[in-house]
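The values are calculated or read from the model by the stated rules, or taken from the named source; none is laboratory data. All of these numbers come straight from a predicted model, not from anything done at the bench. Please note: Cβ atoms are built from the backbone with ideal geometry, for glycine as well, and neighbour counts cover all protein chains shown. Just the protein is used for accessible areas: all its heavy atoms, side chains included, with ligands, DNA and RNA removed. Shrake-Rupley method; radii C 1.70, N 1.55, O 1.52, S 1.80 Å.
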Amino acid sequence: MRRGWTVFAVVTMFVLAACQGSDEGSQGAGASGSGAVGEGIAVDETAVTGTVRFSGFRSSDAEEELLQATLDAFSEKYPNIEVDYEPIPEGYIDQMTAQFSAGEPPDLFYMQAEFADAWMEDGLLEPLDPYFAGNPEFDTEPFFDPLIQAFEYEGQTYGLPKDASPLALFYNPDMLAAANVEPPTTWDELTAAAEALTTDDVYGLCLGAELPRVGAFIYQNGGGIYNEDGSELTITAPESVEAIDFVLGMHEAGTLMVPADTGAGWCGEAFGLGQAAMTMEGNWLYPAMENDFPDTPFEVAELPQGTQQGNLAFTVAYSMGADSANKEAAWVLLQYLTGPEGMAEWTGQGLALPSRDDVEPAPGREALSAGLEYATAYAFARDFPDIQAAFNAELTSVLASGGDGQQVADAAAAAAQ
C-alpha cells in the first residue's frame, strides 16, 4: 500500500521541445515477446530476447560495483537479454539531450527528479501505464506515493523510482561523549550541542551551503520552497526566511561550518577528517566513511526538529525513451530493477533506501528510514534549477560577507521571475 509524504509537483530542466518523440514511439509499439491487451502492452519476459542499452550518470566506485552485481543477477535470471551498460561520467544532461535530439536515446536510463518535468512535458519519454496494464503481476502500489508521483505527468507515469535517500544527522560519538552531549532532537538542543562541541579545531556542525541542505530546516520550521500543489513559490514566507536565519545565526556564532570555511570538498570530508562533530547527509556518506575515513567513528540519528519534523528525500527514476529501440527488453529490465527482487539486491548494502515498502532497508538505517516517513520529495516546478542556483549563490555570498535570510530568499524568488 502506498504511503505518502508531503506532495509536490515535479522538477526541472530545459530540454528543447524539438526533441519530442514520435507518436508511434510514445505509444509503446509491440514486438517479439509482446502484444496489446486492451490498452495494455503485455510482455512475455520468457520470450523476449535482445540487447538493452542502459545508461546513467556515474557515481561512486561502490555504487558502480553494486549496480554491476545487480545487473549480473538480472543476467542470470534472464540469460536471453544482454545488458549493454553505458555510464556517462560527466555532462549527463547534455549527452542525453543530444541522444534525444538524434532520436537514439538508450533503452533504459536514469531520470533525476530535477529534470523529469521537462523530459515528460517535451514528450521524450515512454509512458509506462500501458505496461502496468498489460503486466498486472507487476505491482506499483508498494512505491512511496511522492516518489512515484515525481515522475507522473497528465495522468501518465514516465519513470519508476529506483531508490530514495533522505537526510540524517551523522555524529561522532567520541566527540559527543567527550563534551557530555547527547544527539540533539530539537533546534534548541542542536544549538546547544553545536556550541558545546565547538573548539579551536572542531566545529559543532557542518552543513552544505545549498538549498538541498538548508531546505530541510525550512520544512522543519513549517515553511516550504513551494506550496503543496507546486503552483506558488513560498521560499519568501516568514517561516522559510526564519529557518534560513537560524542557519545563518549558527554560522555567525562560529558553531556551524560550511566546507569553504576549512577548504573541505564537502561536509562528508570535513566530518571524516574530524573538522566537524556532526553533519547532515544521506546514505551516500556511508561508503565515504567506510572507504575514506575508516578510523572515524560515527553514529546516525534523525534530524532535529523545529516546530515540526521535516526532511528532504532525493530520488532517481528508471525511464524508457519514446524513441528507444528495444522497449520490451527494457521493460523486463525495468520491472526487475524496481521490483522486490532487484531492489532488494540493489539496496541490500545500504547505499540507498528502497523506494517501495515491501523491501526491507539494510540494517542500521533506522534513522534514515524514519526520516523517509515525513520527508518532502525534492521535486518541484520546471523553473526550480534557476531558483536553486540563485539561492545557493546568494547564500554563499551572505555567508562570506554578511546578510540575512530575507536577502537569500528574495534572490531565489527573483530568479523565478
Give the separation of the Cα centroids, segment 187-239 to segment 165-180, in Å.
17 Å
Name the long-range amide H neighbours of I225: under 5 Å, sequence gap of 5 or more, or other chain; modelled H, no Pro or chain starts.
none
Give me the 1.4 Å probe accessible area per residue for segment 78-191, excluding ligands and nucleic acids, in Å².
37 Å²
Amide H contacts under 5 Å for S60, restricted to residues at least 5 apart in sequence or on another chain and with H modeled in the peptide plane, are none
Ranked by GNM mean-square fluctuation in the chain (Cα springs under 10 Å), the top entry among L205, L273, L351 is L273
Calculated FRET efficiency for the pair T307/A253, C-beta based, R₀ 25 Å, to 0.05:
0.75
GNM top mover of D386, D295, D229 - the chain, alpha-carbon springs below 10 Å
D295
On Cα atoms only, tilt of 384-401 relative to the major axis of the chain in degrees:
20 degrees
Restrict the search to segment 36-85; then list the GluC sites (Glu not before Pro) that DSSP places in a loop and that have at most 16 other Cβ atoms within 10 Å of their Cβ.
E39
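So in the chain, what percent of DSSP beta bridges are antiparallel if you round to the nearest 5? List each step's numbers first, then the result.
Numbers: 25 of 45 bridges.
DSSP beta bridges in the chain are roughly 55 percent antiparallel.
Identify the GluC sites (Glu not before Pro) of segment 365-417 meeting these criteria: DSSP loop state and at most 16 other C-beta atoms within 10 Å of the C-beta. Let's see the in-between values first.
Details: sites: E366, E373, E394; in loops: E373.
When the GluC sites (Glu not before Pro) of segment 365-417 are filtered for loop state and at most 16 Cβ neighbours within 10 Å, E373 remain.
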Cα long-axis angle, helix 238-252 against the chain (0 to 90 degrees, to the nearest 10)
60 degrees
Coil-residue GluC sites (Glu not before Pro) of segment 112-165, DSSP, other Cβ within 10 Å capped at 10:
E137, E154
Using only protein heavy atoms and a 1.4 Å probe, report how much of D139 is accessible, in Å² to the nearest 10.
70 Å²
If one computes the Cα centroid of segment 53-132 and of segment 351-417, what distance in Å separates the two points?
24 Å
Accessible surface of segment 218-269 [probe 1.4 Å, protein heavy atoms]: carbon and sulfur percent:
47 percent
Around P304 (Cβ within 9 Å, Cβ-to-Cβ, excluding P304; K/R +1, D/E -1) the net charge comes to -3
When the label point is put 7 Å from the Cα of T296 along its Cα-to-beta-carbon vector, which residues of segment 189-203 have a backbone N closer than 18 Å?
194, 197-203
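For the chain, what does the helix formula give at 222 nm: sum of -39500 (n - 2.57) over DSSP H segments with n ≥ 4, over the residue count, nearest 500 deg cm²/dmol? Walk me through the numbers on the way to the answer.
Working: 17 runs with 163 residues, N = 417.
Computed ellipticity for the chain at 222 nm equals -11500 deg cm²/dmol.
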Near the amide H of Y203, under 5 Å away, which other amide H atoms are found, from residues 5 or more places off or on another chain, if H is placed in the peptide plane?
A276, A277
Angle between the Cα long axis of helix 327-337 and the longest principal axis of the chain, 0 to 90 degrees, nearest 10?
40 degrees
